[in-house]
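Below is one structure, written out as structure tokens, with a few remarks after it.
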Amino acid sequence: MLVKDSEEWANNLLANANANANANANAELGGERRTKRLVKLSHLMASNTSSSIVKASGTQAAIEGAYRFIRNDKIEADDIAIAGLYSLLPELMLSNKMLALEDTSTLSYRHNV
């Protein structure tokens, strides 16, 4: 699957997981509004890879929505990851190759006094 548009990518990966017949494909985020927020936030961050949430969001309402989503104790990172995995499983099963990319870069924050 080659997707060039980040909004299409986010919808395919996260929102369309709900269309999968497997009940575990849904991101158990507690509602459709949370799934829509996840798709929107994923699209914004993928479209602005070098930007902060504030810069990528653009409006005060979008910034607040993003931070409310991130701070929500009812949303688990594993639920988001599982939804993404289940949406990719049909593609993976059809392919005889899979690339496992890894970022091996490291960051070091130092302060000289």
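Here, each number is a calculation from the coordinates, and none is a lab measurement. Given the structure is predicted, the values throughout are model-derived calculations rather than measurements. In this analysis, Cβ positions are derived from the backbone assuming ideal geometry, glycine residues included, and neighbour counts consider all displayed protein chains.
For the chain, the longest principal axis of the C-alpha atoms and the axis of helix 32-47 are separated by about 60°. Given that compact globular proteins tend to follow 2.2 N^0.38 Å, what is the ratio of the alpha-carbon Rg of the chain to that value? Relative to the 2.2 N^0.38 Å estimate, the chain comes out at 1.23.
If you fit an axis through the alpha-carbon atoms of helix 77-94 and take the longest principal axis of the Cα set of the chain, what angle between them do you get, 0 to 90°, nearest 10? Once rounded, one gets 40 degrees. Positive contributions from Lys and Arg (+1) and negative ones from Asp and Glu (-1), summed over other residues with Cβ under 9 Å from the Cβ of residue 66, come out at +2. With springs only between Cα atoms under 10 Å, which of 72, 11, 96 fluctuates most in a Gaussian network model of the chain? Taking springs between Cα atoms under 10 Å, the residue moving most is 96. The residues 68, 110, 37, when put in order of fewest to most other Cβ atoms within 10 Å, stand as 110, 68, 37. Over the chain, dividing the summed -39,500 (n - 2.57) contributions of all DSSP H runs of at least 4 residues by the number of residues returns a 222 nm mean residue ellipticity of -15000 deg cm²/dmol. Sorting 54, 113 by the number of Cβ atoms found within 10 Å of their own Cβ, with the fewest placed first, yields 113, 54.
Going from the residue with the fewest nearby Cβ atoms within 10 Å to the one with the most, 109, 67 rank 109, 67.
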